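Values quoted throughout were computed directly from the atomic coordinates according to the rules given, and no laboratory measurement underlies them. Please read all numbers here as calculations on a predicted model, not as lab measurements. With ideal geometry, Cβ positions are generated from the backbone for all residues, glycine too; neighbour counts draw on all protein chains shown.
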Amino acid sequence: MNKFKGGNDRHLSLSNGGTAVFVDVLTFAVSELAREPWDFRFAALLSLQNQNVMGRGVVGFALEELDWGESPQEAAAAKDFLLRVLDLALTRHRWDELTYEPPRVEGYLRTYRAMVQDFDFATAKAGEDVLPGPQEAARASCVRHRVLNGLPFWEECVFCTDGL
Ligand SMILES: [Zn+2]
């Protein structure tokens, strides 16, 4: 199981298979919407959730461990980006390109969206090095799959590492 934690001890616990689907659909949405530096740092964090590379059952992160920026305005923009990503994913953005049926992921997305919505970034703990820094932001795209890839950590995107 992998845990994606929100505030107030809420978390989304996903099986390894569930995590892979969650990461796949978020990768489609993040790749579509990323514009600001924080967005590409989150894309890098998402690439670090690739269990093909990191190992099964060892991924996940907590919202309160992320660097939400220097000001409440930056944090609000970052939270808004995450909510827009989740909303786009909930429209089944590019799900027709998946090679499997994702029956349960809509529920995961709704649960996680509620966690992000309710999360108070003022409770975040500063100084944790969970969100990749600006130098580690994901800015390159996989030409084949048209999503942000794992650079600078590795070259392949999450779909490449699935052997697709
Ligand atoms: Zn790829």
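Relative contact order, whole percent, for the chain stands at 33, derived from Cα pairs under 8 Å and 6 or more residues apart. Residue ranges 129-135, 80-86 sort as 80-86, 129-135 when ordered by packing (mean number of other C-beta atoms within 10 Å per residue, highest first). Efficiency by 1/(1 + (r/R0)^6): what FRET value for R146 and D120, r their Cβ-Cβ distance, R0 = 41 Å, to the nearest 0.05? Result of the calculation: an efficiency of 0.70. The range 9-57 and the range 106-156 have their alpha-carbon centroids 6 Å apart.
Ranking A114, L82, T19 by Cα position along the charge dipole of the chain, where only Lys, Arg, Asp and Glu carry charges on their C-beta atoms, puts T19 farthest toward the positive end. Two tests apply to each whole DSSP H helix in the chain, Cα reach of 18 Å or more along its axis and mean Kyte-Doolittle hydropathy of at least 1.0, and the ones passing both are 16-33. Here the alpha carbons of the range 27-116 define both size measures, Rg and Dmax, at 13.6, 41 Å.
The alpha-carbon of K79 sits under 14 angstrom from the alpha-carbons of these aspartates and glutamates, leaving out residues fewer than 8 places away in its chain: E36, D39, E64, E65, D67, E70, D87, D118, D120.
Judged by the mean number of other Cβ atoms found within 10 Å, the most tightly packed of the peptides 4-10, 136-142 leads the ranking 136-142, 4-10.
Ratio of Rg to Rh for the chain, alpha carbon only, Kirkwood? Here Rg/Rh amounts to 0.92.
Exposure proxy ranking for K125, K79, based on other Cβ atoms within 10 angstrom of each Cβ and starting from the fewest, stands as K125, K79. With the simple spin-label model, which puts each label point 7 Å out from Cα in the Cβ direction, the N8 to D87 separation comes to 2.2 nm.
Note on E36 and R110: the model spin-label points, each 7 Å out from Cα along the C-beta direction, lie 2.9 nm apart. Calculated translational diffusion coefficient of the range 84-164 (4 °C, 1.567 mPa s; Stokes-Einstein with Kirkwood radius over alpha-carbon pairs) equals 85 µm²/s.
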